[in-house]
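Shown next, in structure tokens, is the structure this report addresses.
We did not get these values from a lab; they are worked out from the coordinates using the rules stated. All values derive from a computational prediction rather than experimental measurement. Glycine gets a Cβ as well: all are built from the backbone with ideal geometry, and neighbour counts include every protein chain shown.
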Amino acid sequence: MKVVTVILQIVLGLIFMLAGVMKLFTPYDELVQEENMAWALDFSSSHVLLIGGFELVFSLIFLAGVFLKKLTPYLPIVGALFTIQMVAALIVHARRDEMDAVYINITILIFAVTFAILRFNLNSRKGV
């Protein structure tokens, strides 16, 4: 189970890191012109930056948690936060009838929920 958890941790960390970097470093005007980023028109540029910052910071905790055992107690919390973010993204894309994005969000949501449950379980067994 630990191997599956670490694989999910790395995959989720990379997914959210790339998404966060894109939202933080692509100018808002260019970002909203991309076909798969039309949802950003519903939000201000500062909200998109906030989402990107959240994704980047917590993805770095996720990836650093692979090597730094001091971060282990925080990993299930970050997994739960990613789950909440994916539920919010799912709602935004469903309201906009962007079904391709909905399917991607569901997949990432399943990964995040699975990680959070497995990590909570591993931490409770260790007494962390």
Quiz item: For the chain, what is the largest minus smallest coordinate of the Cα atoms on each principal axis, given in angstrom and ordered from greatest to least?
Solution: 47, 26, 18
Self-check item: Extension reserve of the I106-S124 stretch, reckoned as 0.36 nm per residue once the Cα distance is removed
Solution: 3.8 nm
Practice problem: Check each of the GluC sites (Glu not before Pro) in the stretch 1-100 and keep only those in coil by DSSP with at most 13 other C-beta atoms within 10 angstrom; list them in order. | Solution: E34
Quiz item: What's the extension gain from I61 to E35 if we count 0.36 nm per residue and subtract their Cα-Cα distance?
Solution: 6.4 nm
Quiz item: Semi-axes of the equivalent ellipsoid of the stretch 86-127: what are they in whole Å, largest first, if each equals the square root of 5 times a C-alpha gyration tensor eigenvalue?
Solution: 29, 8, 4
Quiz item: With the contact rule set at Cα under 8 Å and sequence spacing of 6 or more, what percent relative contact order holds for the stretch 2-126?
Solution: 31
Quiz item: Along the charge dipole of the stretch 1-82, Cβ charges K/R +1 and D/E -1, which of Y28, S45, P76 sits furthest on the positive end?
Solution: P76
Quiz item: So between S45 and I10, what do we pick up on full extension, going 0.36 nm a residue minus the alpha carbon distance?
Solution: 9.8 nm
Exercise. Return the loop-located chymotrypsin sites (Phe, Trp or Tyr not before Pro) in the stretch 52-128 (DSSP other than H, G, I, E, B) with at most 15 other Cβ atoms within 10 Å of their own Cβ; answer none if there are none.
Key: F67
Quiz item: How far apart, in nm, are two points set 7 Å out from the Cα along the Cα-to-Cβ line at F54 and at M22?
Solution: 1.7
Practice problem: Compute the distance in nm between two label points, each set 7 Å from the Cα along the Cα-to-Cβ direction, one at R96 and one at L81. | Solution: 2.3
